[in-house]
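What follows is a short report on a single structure.
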Amino acid sequence: MSADLDALAESARNRGLKLVRSRVRTSGKVGFGKVGLSDAAGRAVFGMNAKIPTATAEDVEEYLRSLGLSDWSASLGVKEKPRRRKKPEPEAEPLPEQLSEPEPVPEREPKTRNAVPSDAEALVPLIALLDHDVEATGVRERLRLLAGAGEVPLVALLGDTVVGLCGLHRMIVVHRPAPVGRITILVVAEAARGRGIGRLLVERAEAHLRGSGCALVEITSNDRLTQAHAFYRHLGYERTSMRFARTLG
């Protein structure tokens, strides 16, 4: 069983998660043999109750397998605690003053183009999906600066609606013979997920970076976005390092 749990722990690490094992060592006692999953910050993700594991190894294995089989293009920017199924609630009668539900994004083929300063207003809510608090004025100014540096981000559109963003960066580093490309941000609007837009943005970004001489592409992603990590692995990316950051005061 120890070898099986070691393999399960490795599978969890490959998805940016940590396998938590029960400390109960006596067979027959409550909690014996139970396991669960937490994220890099120790927050419960699956099979946990007040930091105490409650799931079986088979439950955790099935959960990890479901991450690998999920809809990859729909996995960008999703926070990680799995949603439990709730019993359906009776539909309430709509009140006259209630607002109508937002119209769905039209079913059109996605396309991409370079971002322009006038996209700033549309990019603010996209960037907010990754918990970055920005204002349109600052986004607009940074788009101008990036254009001057030759590193204009890409946007994805459905019709005339901006529904995706992909940031690009080209680096010359002393330890590699060719420039290194980096995808600095990748996010798709929630209403537009499941249409291959994330994949399309990555493919266009790779083509641009390859054309600028890059031999390697890196992607930065927050530790908590484990489903996004699974999406990147599905596209052939491998986890090769850890990223450390510190705010300069």
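The values are calculated or read from the model by the stated rules, or taken from the named source; none is laboratory data. Remember, it's a predicted structure, so these values are computed and weren't measured experimentally. All Cβ positions, glycine included, derive from the backbone under ideal geometry; neighbour counts span all protein chains shown.
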For residues in the stretch 14-26 being out of contact with any strand residue (DSSP E or B) (no Cβ under 8 Å at 6 or more places or on another chain) and basic (Lys, Arg), which is farthest from Asp39 (Cα to Cα)?
Arg25
Top-ranked residue of the stretch 1-34 - restricted to ones that are under 22 Å from Asn49 (Cβ atoms) and of a type in the set (D, E, K, R), ranked as farthest from the chain's Cα centre (by Cα)
Lys29
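Residues are listed down the side, and each one gets a yes or a no for (1) at pLDDT 80 or above; (2) in contact with a Gly (Cβ under 8 Å, 6 or more places away or on another chain):
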residue	(1), (2)
Ile52	yes, yes
Ala55	yes, yes
Leu67	no, no
Glu89	no, no
Pro110	yes, yes
Arg113	yes, no
Glu121	yes, no
Here's a check for you: in the stretch 183-206, which residue that is of a type in the set (Lys, Arg) and surrounded by 20 or more Cβ atoms within 10 Å (Cβ to Cβ) is farthest from Arg13 (Cα to Cα)?
Arg195
Collect the residues in the stretch 119-141 that are farther than 16 Å from Ala189 by Cβ and not basic (Lys, Arg), keeping them in residue-number order.
Asp133, Glu135, Ala136, Thr137, Gly138, Glu141
Can you tell me which of Leu130, Leu146, Leu209 is modelled with pLDDT under 95, surrounded by 13 or more Cβ atoms within 10 Å (Cβ to Cβ) and out of contact with any helix residue (DSSP H, G or I) (no Cβ under 9 Å at 6 or more places or on another chain)?
Leu130
Candidates Ala122, Ala156 - the one that is buried (at least 18 other Cβ atoms within 10 Å of the Cβ), more than 28 Å from Gly213 (Cβ to Cβ) and not acidic (Asp, Glu)
Ala122
Can you tell me which residue within the stretch 202-249, out of those that are assigned to a helix (DSSP H, G or I) and among the basic types (Lys, Arg), is farthest from the chain's Cα centre (by Cα)?
Arg210
Across the stretch 212-246, which residue is surrounded by the most Cβ atoms within 10 Å (Cβ to Cβ) among those that are at pLDDT below 85 and polar (S, T, N, Q)?
Thr226
